[in-house]
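Have a look at the structure below before the remarks.
The values are calculated or read from the model by the stated rules, or taken from the named source; none is laboratory data. Note that the structure is predicted; figures quoted are calculated from it, not measured. So basically every Cβ, Gly included, is an ideal-geometry build from the backbone, and we count neighbours across all protein chains shown.
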Amino acid sequence: LTPEKAKEKPIEDYGLGRNCMLFDQLRAWAYKAIRQGWPTYEQWLNACLDRATGYNVNFTTPLDISEVKHTAKSVAKWTHRNFNRGTFDDYVARTHTSEIQAIRGRKGGLVGKGGRPAIITVNGNPWDELGISRATWYRLQNRK
């Protein structure tokens, strides 16, 4: 963890508990981090354990080290088995074809150039339908 992270206030535990919070934080980090070099399993397990330990110290009441180790091992084992260069290349090939990217580009172009269609949604959040943030949606509305 960076020194800035170490200075943060302890994270308040949410309803599902510290184990779930640790798991969610660690897996979100692991999905991105494993692609930075495709480490061996031992290296990856150590990196996951280091990160999990860092997340654990931010809890108001930290988990026992054995629980942290088990969570780190679970995330490391699953991501190392399911995320490798081949599966990632297959994912990119399926989700980043030129046709899909063209659709994404047209969608972004409509939003950015003020060509916004009138959207009425059931939940009242037109920014969700456009795939933009609430702040961006309001900023675009104020340009009119």
By residue number, the members of segment 55-71 that are part of a helix (DSSP H, G or I), surrounded by 15 or more Cβ atoms within 10 Å (Cβ to Cβ) and aliphatic (A, V, I, L, M) are V68
Worksheet item: When you look at W29, is it under 19 Å from the mean Cα position of the chain (by Cα), in the same structural domain as N82 (by TED's automatic domain parsing) and at positive phi, yes or no?
Response: no
Among the residues of segment 63-78, the number that are in contact (Cβ under 8 Å) with a residue 40 or more places away in the chain and under 12 Å from R18 (Cβ atoms) is 4
The number of residues in segment 40-54 that are free of Cβ contacts under 8 Å to residues at least 40 places away in the same chain and either within 17 Å of the chain's Cα centre (by Cα) or not in a helix (DSSP H, G or I) (or both) is 3
Looking across segment 79-94 at residues that are in contact (Cβ under 8 Å) with a residue 24 or more places away in the chain and surrounded by 11 or more Cβ atoms within 10 Å (Cβ to Cβ), the single one that is farthest from N19 (Cα to Cα) is F88
Worksheet item: Residue check: is L45 among the aliphatic types (A, V, I, L, M) and at pLDDT 95 or above?
Response: yes
